[in-house]
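To start, the structure itself, in structure tokens.
The values are calculated or read from the model by the stated rules, or taken from the named source; none is laboratory data. Computed from a predicted structure; not experimentally measured. Cβ coordinates were reconstructed from backbone atoms using ideal geometry, including for glycine residues, and neighbour counts include every protein chain displayed. For the accessible areas, the whole protein counts, side chains as well, though only heavy atoms, and no ligand, DNA or RNA atoms are used. Shrake-Rupley method; radii C 1.70, N 1.55, O 1.52, S 1.80 Å.
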Amino acid sequence: MRTLICVPARIGSTRFPRKPLHPISGRSLLERVVQVARVAAKQTSSDYVVAVDHEEVADHCRQIGAPFVMTDPEHPSGTDRALAASKEHGSNPEFVLNLQGDAPFTPPEHVAGLIKAAEARPDADVFTPVIRLDWEGLDTLREHKKAHPFSGTTCVRKDDGTALWFSKNILPAIRKEEKLRETDKLSPVFRHIGLYGYRVEALERFNEIGLGYYEQMEGLEQLRFLENGMVVHAEEVQPPRLSMSGVDTPSDAELAAQLIAKFGDPYDHLETGL
């Protein structure tokens, strides 16, 4: 299966201008994500590329030795940019994995896991990872949602990984929870991680069919696939050593640096991938 790992890197973020170039503990945000892509590409015999929209980011790619393609600055989302990059890259991929350029702590194993899942499930169109929360993690998520109700997404899935639904609400509701806590170490709640792999045909269709009703209600683009009868596979993965939702603001970058200082730099633990 010809696979392309794409890292969208947009310089014109409204909340965080020049975000890909922002330094975090001595390395740019983009360099950190590129290292994840390098290692995952090596583990899975895949290609990787950075989808840039500005010459300054292209120059930075040259400095760190990352392959890149130039894409239209007007693309509305990273998904659109990933599709454009797959066409520009020239490798004619069958599967495109969109590794978000603001997720420096993504374990390469999560990326590789989605690629392996795609090879094992030819019936599915889209692949994304989920983590089953323990009870402490569920309590933390509930507390977080009191102040940030639309931060954090959960998934309901079949035993084979087929996703039934995604929501900003915590699903499922749990009857007789106290008894479950006594017998099970893990809760029945899966937290979704914003990493996606697509069959190229599914990615093209996504851009053709327009916004879905529930996609707009929840603010979750993966619901567009489910609303249109496509199969989304939610692959269970292990929790990352460092975890945060993404670097969307300068304060998020400061938090990322604090996590690195406290727990060590994951960049240093990755193989070079070169």
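Residue pairs whose Cβ atoms lie under 8 Å apart, separated by 6 or more positions or on different chains, with the first residue in the stretch 5-23 and on the phi > 0 side of the Ramachandran plot and of a type outside the set (A, V, I, L, M, F, W, C) and the second part of a helix (DSSP H, G or I) and open to solvent by 20 Å² or more (accessible area, probe 1.4 Å), are Arg18/Glu56. Restricting attention to the stretch 165-195, the residues that are open to solvent by less than 90 Å² (accessible area, probe 1.4 Å) and either outside any strand (DSSP E or B) or touching a Lys or Arg at 6+ places or on another chain (Cβ under 6 Å) (or both) add up to 14. Restricting the first member to the stretch 44-58 and to residues that are within 23 Å of His110 (Cα to Cα) and open to solvent by 10 Å² or more (accessible area, probe 1.4 Å), and the second to residues that are among the β-branched types (Val, Ile, Thr) and at pLDDT 95 or above, the beta-carbon pairs closer than 6 Å and six or more apart or on different chains are Thr44/Ile115; Ser46/Thr3; Ser46/Ile5; Tyr48/Ile5.
Applying the criterion of being surrounded by 18 or more Cβ atoms within 10 Å (Cβ to Cβ) and of a type in the set (Ser, Thr, Tyr) to the residues of the stretch 196-229, the residue that is nearest to Asn92 (Cα to Cα) is Tyr198.
One line per residue, one yes/no per condition, for (1) within 20 Å of the chain's Cα centre (by Cα); (2) free of Cβ contacts under 8 Å to residues at least 12 places away in the same chain:
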residue: Thr140; (1), (2): no, yes
residue: Ser151; (1), (2): yes, no
residue: Val156; (1), (2): yes, no
residue: Glu178; (1), (2): no, yes
residue: Arg181; (1), (2): no, no
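From the list Ser28, Ser46, Ser86, the one residue that fits, being among the polar types (S, T, N, Q), within 20 Å of the chain's Cα centre (by Cα) and under 15 Å from Ala103 (Cα atoms), is Ser28.
Out of the residues in the stretch 206-234 that are part of a helix (DSSP H, G or I) and in contact (Cβ under 8 Å) with a residue 40 or more places away in the chain, which is farthest from Asn169 (Cα to Cα)?
Result: Asn207.
Taking the stretch 59-110 as the range and being touching a residue at least 12 places away in the same chain (Cβ under 8 Å), acidic (Asp, Glu) and not in a loop (DSSP other than H, G, I, E, B) as the test, the residues that pass are Asp80, Glu88, Glu109. Of the residues making up the stretch 9-29, one or more are modelled with pLDDT of 95 or more and among the basic types (Lys, Arg). Reported count of residues in the stretch 143-158, each being open to solvent by 70 Å² or more (accessible area, probe 1.4 Å) and either of a type in the set (Ser, Thr, Tyr) or at pLDDT 95 or above (or both), is 1.
For the stretch 113-141, a tally of residues being in a helix (DSSP H, G or I) and either hydroxyl-bearing (Ser, Thr, Tyr) or surrounded by fewer than 20 Cβ atoms within 10 Å (Cβ to Cβ) (or both) returns 9. Taking the criterion of being in contact (Cβ under 8 Å) with a residue 60 or more places away in the chain and open to solvent by less than 40 Å² (accessible area, probe 1.4 Å), the residues of the stretch 253-274 that qualify are Ala253, Ala256, Ala257, Leu259, Ile260, Asp265, Pro266, Tyr267, Gly273.
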